[in-house]
Structure formats: C-alpha cells, structure tokens
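What follows is calculated from the coordinates using simple rules that are stated; it is not laboratory data. Only a predicted model underlies this, so the values are computations on that prediction, with no experimental measurement involved. FYI the Cβ positions are ideal-geometry reconstructions off the backbone, even for glycines, and counts take in every protein chain you see.
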Amino acid sequence: MIGFLLALTPLLIVLVGIVYLKQSGAKMAIVGLLVAVLLACTYFHTSLEVAVGATVFGIIKALGISVAVIFTMLMIFVMKESGALATIADAIKRVAHTREEQALFIGMGFGSFVTSLGAVTPALFPPLLMAIGFTPFAAVSVAVLGYDPLTSFALLAIPISIPADASAGMLGPAAAFTAQELAFKIAIYLPMISVGLAFAMLWIIGGRPAMRRGAVPALISGLVISLSALTFVMIGVPVRIVGVLAGLLAMMFLYVYHRYSKNQRLHKREWEPLDRRKLLRAISPWLFLILFAIIISVPAVGDFLADIPGSLETFVVFANQDIDLNIFNQIYFWILVALVVSLPVLRPTREQLDRAFKTWTRTLWGPFVAYSVYFSIAYVMFFSAMVISINGDLLPGSHYYSHNMDVVVGVTLAGIFGIGFIFISASLGLFGAVVGGSETASNVMFMKIQHRASVDIGLNQDQFMTMYGAHAAGGGIASAMTPAKINNAVATIDAGRSLESRVMRKHMVIAITLVLLTGILTGIFIGLS
C-alpha cells in the first residue's frame with residue numbers, strides 16, 4: 001500500500017498546490033516532476049539515467065501539443081489586435097443571443113469541431129468569449145470544457161488511433177483491436193458525457209437558473225454530438241473525421257434552434273447589416289486551418305508529408321527510445337502556416353503585430369512548460385523500474401512488476417476492488433490523463449494494466465474493450481481538470497493564479513461526477529454483454 005500512496009504523491013502534490021496553495025500549473029508541474037524523479041530513483045528502483053531520459057523523452061513527446069498550443073496563442077493574439085475577434089464576437093451575438101446559447105454554440109459545437117481538427121480550445125477561446133461579454137472565470141471554464149464533449153475524438157482522433165496501432169505489440173495478436181472498435185466502445189459513453197458537459201457549462205456561467213433556461217439547447221447539442229458520433233462510427237466513417245462531422249452537425253442544429261426559438265423573437269433587435277466580407281476576413285485564419293487540417297487528414301497526404309524529411313527528424317533520445325517528429329504532418333506546423341497565409345487577409349498594422357508578439361512572448365512560457373513537464377511526469381512513471389540492458393535496450397527490470405509506478409497503481413486498485421474494478425476503470429483513465437496531461441499518453445501507458453486487470457477478474461475480450469473504452473472516456477473527461485489546459489486558458493487572458501485555483505475546484509466536481517457515472521455505465525454495459 002505504501003507504494004500505491006507514493007505513486008500517487010506527484011499528482012496529489014500538484015492538485016494541492018493548485019487548488020489550495022493557489023500556485024500556477026506550470027510551477028506545480030516542475031515540483032511534481034522533481035518529486036516523481038526523486039521517488040522513482042529511491043523507492044521505485046529506477047536509475048538516474050532512466051529518470052532523466054524519461055524526462056527528456058516526455059518533453060519531446062509533448063511537442064505535438066505544446067507547440068500547437070503556443071502557435072494557437074499567437075494566432076488568437078494577432079486576431080485580437082487586428083480586430084478580428086471583435087468582428088467574430090459581433091457575428092456570434094446575432095446568432096446566439098443569450099449567454100446560455102453563446103456558451104453552448106461556442107463551447108459544445110464549435111469547440112468540438114476545432115478540437116477534432118487539432119486546435120486547442122483553451123488557447124483559442126478565452127479572448128473570444130471575453131470579447132462577447134463573458135467573465136474571465138466563465139471564459140476560461142467554457143474554453144476548457146469545450147475540449148471535452150467528444151472526449152477521445154480530438155486531434156484528428158490521435159487518442160484512438162495511436163493505442164489501436166500499439167495494441168498488437170503490447171497485448172499480442174489475440175487481444176489487439178482496431179481504431180474503429182475502440183471508437184465504438186468510447187462512443188457508447190458519449191450521450192451521458194456530452195449532455196453532462198453541456199449542462200456543466202450552463203452551471204458554470206449561471207448556476208441552476210442558467211441550466212433551466214438553456215435546458216433545450218443543452219440537450220440538443222449534447223445528443224446531436226454524441227449520437228451522430230456513435231452513428232458515424234457504426235457505419236464505418238473514418239475515425240479521423242468523426243469529431244469534425246459531429247461538431248458541424250451540432251452547430252447546424254443549434255443555429256436552427258436559435259433562429260426559430262422563442263429567444264430569437266424575445267431578443268430581436270435592429271442590427272446593422274452584417275458585413276460578410278469583413279467576417280470572412282476575420283475568420284480567415286480558422287478557414288485556412290480547417291482547409292489544411294482536412295487535407296492532411298487524408299492518409300495518403302499525411303503519409304507523404306511524414307516521409308518528406310526522412311530520417312532527418314528521427315533520433316534516439318536515450319537507450320533504444322527514438323522519436324520521429326513528423327513535423328510536416330503535425331497540426332502545429334499548419335497552425336503557423338494558416339496564420340502566416342492569413343496575414344495579408346487580416347492586414348494587421350506593424351504596431352498591432354508588435355503588441356500581439358509581445359503579449360505572446362510574455363505569456364507562452366507557462367503553458368509550454370506545463371504541457372511539457374506533465375508529459376515528463378507521465379513518462380517517469382511509465383519507465384520507472386526499467387533498466388538499460390548491455391545492448392542498450394530499455395527493458396523491465398527485476399523489480400518492474402512490483403515497483404513500476406503505473407503497474408503499482410493499477411494492480412493495487414484491481415486487488416482492492418476485485419470484480420468491482422470495472423466500476424473504477426474510468427477513474428484510472430482520469431488519473432493517467434491528469435498526470436500526463438494527455439489522454440493519448442494515458443491510453444497507451446495503462447493499456448496493459450487494464451488488460452491484465454480484465455483477465456484477472458475473468459472478463460472476455462469484448463468486456464475488456466468496454467472497460468478500456470471507459471478508461472479512454474475517463475481520460476477525455478480529465479481534460480476538464482488537467483492543470484496544463486487550465487494554465488493555458490488563464491495565460492491567454494493574462495489572468496492571475498487565483499483564477500486557476502477557482503476553475504480547478506469547480507472542474508474537479510464536474511470531472512469526478514462524470515467519471516463516476518461512466519463507471520456505473522461500464523458495469524451496466526458489461527453486465528448486458
């Protein structure tokens with residue numbers, strides 16, 4: 001039991017530091033990493049070479065999201081200074097009149113859409129929401145929760161495809177699964193999760209009165225997103241574009257509701273004619289990004305871009321752990337390209353660009369450090385109790401199954417709960433994603449643990465997949481309380497550390513509630529199967 005408590009210590013320290021001591025997510029990430037390395041090198045039988053190598057490996061692995069975040073921040077700052085955000089905010093007010101409708105249209109519909117393409121809503125939305133009139137707290141909360149409605153279908157469905165690709169090697173051919181199979185097992189949880197998040201956004205912005213006023217659009221957005229995603233998966237739509245299509249449908253249904261609802265008549269006012277050309281210029285960075293994301297989502301194009309630099313972008317970090325950066329196939333590269341291409345359309349002045357760049361250089365470091373270091377914590381835990389062989393390979397050491405931090409957490413929970421482990425499998429996904437800052441990392445690192453637990457309690461392959469789908473869904477829900485994402489959202493509006501603490505406290509309630517409900521559904525689904 002002491003090993004279990006020590007393995008949880010880095011996470012507990014991070015949460016206490018942010019929630020109760022009101023420290024920034026970036027600072028607590030560094031503290032958590034130091035504690036994780038110290039524990040790995042002392043109690044968990046890990047050499048300093050492996051711990052340091054895992055730290056560097058995590059930082060490099062995080063580039064796909066950490067660089068995407070800081071380039072998204074640069075894009076949004078340029079759009080703000082050039083007046084594009086004000087134009088977009090004016091257009092949204094014409095479509096969605098109340099705060100409830102605006103939060104759902106942006107957070108649920110548009111949030112799901114751009115998250116699926118690879119943009120990061122905590123870096124994208126807070127300035128836009130504040131331009132519309134949201135408070136800093138509501139703007140940060142809606143932006144962070146907007147990453148969640150489709151859970152695992154973000155970033156062109158990398159959280160699903162990477163574990164599926166790794167399953168044969170990690171679990172063996174008999175237990176391997178496809179991306180489509182995992183996507184279905186995640187999608188069955190989406191109706192509860194998506195509707196729950198829609199009402200959570202309303203609760204954040206206005207408590208129970210807002211939940212009552214926005215009940216109908218909340219149900220529409222949550223059910224359209226979730227049921228359309230489930231339908232697309234069942235009929236074989238490629239996992240990469242499921243989230244994109246579901247987000248588009250949600251925006252369309254919300255627009256129709258807003259146009260013909262009672263609120264439209266109650267809030268009708270005389271608007272000046274909308275300058276569509278001005279609006280197109282304002283959203284040009286997003287239009288270019290959408291176009292580029294769709295193009296690179298085509299497998300043939302993505303594979304071609306990944307092969308362009310060849311071995312020049314592949315290198316060994318330590319032992320036999322190598323990384324292929326795939327720069328030209330990464331969304332962060334195309335976020336930067338979209339911004340550069342849109343500059344002649346936005347036509348910002350030199351002074352506006354200077355202000356945007358100064359704001360960016362002042363605020364980018366916190367989110368970059370937070371995302372990078374939380375990945376490092378995850379890999380220190382993942383590589384703990386491993387050794388470097390004479391041949392230079394990283395292998396499980398003699399103490400691996402008793403002292404690997406991830407194994408200790410998973411096996412201890414399985415031992416404590418027995419068959420009841422199926423009810424907390426989603427909680428393990430939450431734990432892994434909060435520590436690592438990424439559902440993808442959690443899905444890969446805990447795959448063998450979830451499979452071993454399912455075998456120990458007598459589940460078959462289909463039941464294991466249901467439990468693993470819950471784990472992935474829990475990892476997606478974790479984005480609501482991931483310190484790196486909250487830190488990122490707060491940094492985009494240059495708010496203080498106390499705001500991080502307030503958001504974390506509220507979002508912990510939301511995330512834990514949804515994960516517990518996911519656990520209950522897991523028991524029901526496995527019982528029915």
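So the values come out like this:
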{"item": "Difference of contour (0.36 nm per residue) and Cα-Cα distance, Phe315 to Leu8", "result": "107.3 nm"}
{"item": "Karplus 3J(HN,Hα) series, Hz, for the range 404-417 with 6.51 cos²θ - 1.76 cosθ + 1.60 (x for Gly, Pro)", "result": "5, 4, 5, 5, 4, 5, x, 5, 5, 5, 5, x, 5, 9"}
{"item": "Solvent-free Debye scattering, log10 I(q)/I(0), computed from the Cα coordinates of the range 275-362 at q = 0.19 Å⁻¹", "result": "-0.94"}
{"item": "Extended-chain gain in nm, criterion 0.36 nm per residue less alpha-carbon gap, Arg208 and Ile524", "result": "110.8 nm"}
{"item": "From the C-alpha gyration tensor of the range 479-528, square roots of 5λ in Å", "result": "32, 10, 5"}
{"item": "Which of Gly519, Val301, Ile493, positive extreme of dipole for the chain (C-beta unit charges)", "result": "Ile493"}
{"item": "Karplus-derived 3J(HN,Hα), 6.51/-1.76/1.60, for each residue of the range 138-153, Hz, glycine and proline x", "result": "5, 4, 5, 5, 5, 5, 6, 5, x, 7, 9, x, 9, 6, 7, 8"}
{"item": "Between the range 119-169 and the range 224-248, the Cα center-to-center distance that results, in Å", "result": "16 Å"}
{"item": "In nm, spacing of pseudo-spin labels at Lys22 and Val256 (7 Å Cα→C-beta vector)", "result": "4.8 nm"}
{"item": "In sequence order, calculated HN-Hα J values of the range 26-39 (Karplus, 6.51, -1.76, 1.60; Hz; x Gly/Pro)", "result": "5, 5, 6, 4, 5, 4, x, 5, 4, 5, 4, 5, 4, 5"}
{"item": "Charged-residue dipole, Cβ positions (Lys, Arg, Asp, Glu), the range 28-127 about Cα centre, Debye nearest 20", "result": "120 debye"}
{"item": "Net charge of Cβ neighbours under 12 Å - reference Ser498; Lys, Arg +1; Asp, Glu -1", "result": "+3"}
{"item": "Exposure proxy ranking, count of Cβ atoms within 10 Å, fewest first, for Glu313, Glu81", "result": "Glu313, Glu81"}
{"item": "Pairwise Lys count, the chain - Cα closer than 21 Å, eight or more residues apart or different chains", "result": "16"}
{"item": "Dipole of the chain [Lys/Arg +1, Asp/Glu -1 at C-beta], most positive-end residue of Met504, Val56, Ala138", "result": "Ala138"}
{"item": "Residues Met445, Met405, Met170, Met192 arranged by fewest to most Cβ contacts within 10 Å", "result": "Met170, Met192, Met445, Met405"}
{"item": "Dipole magnitude of the range 161-316, debye to nearest 20 (Cβ charges: Lys/Arg +1, Asp/Glu -1, about Cα centre)", "result": "1260 debye"}
{"item": "Euclidean distance between Cα centres, the range 357-387 to the range 39-85, Å", "result": "4 Å"}
{"item": "Amide H partners (placed H, <5 Å) of Met386, local residues excluded", "result": "Gly397"}
{"item": "Cα-Cα separations in the chain greater than 34 Å, expressed as whole percent", "result": "34 percent"}
{"item": "Mean Cβ count within 10 Å, highest first, over the residues of peptides 453-459, 193-199", "result": "193-199, 453-459"}
{"item": "Packing-based order for 11-20, 345-354, using average beta carbon neighbours within 10 Å, highest first", "result": "11-20, 345-354"}
{"item": "Ranked by how many other beta carbons lie within 10 Å on average, peptides 394-400, 503-509, 157-163 from highest", "result": "157-163, 503-509, 394-400"}
{"item": "Residue order, fewest to most surrounding Cβ atoms within 10 angstrom, among Lys485, Lys278, Lys80, Lys448", "result": "Lys278, Lys448, Lys80, Lys485"}
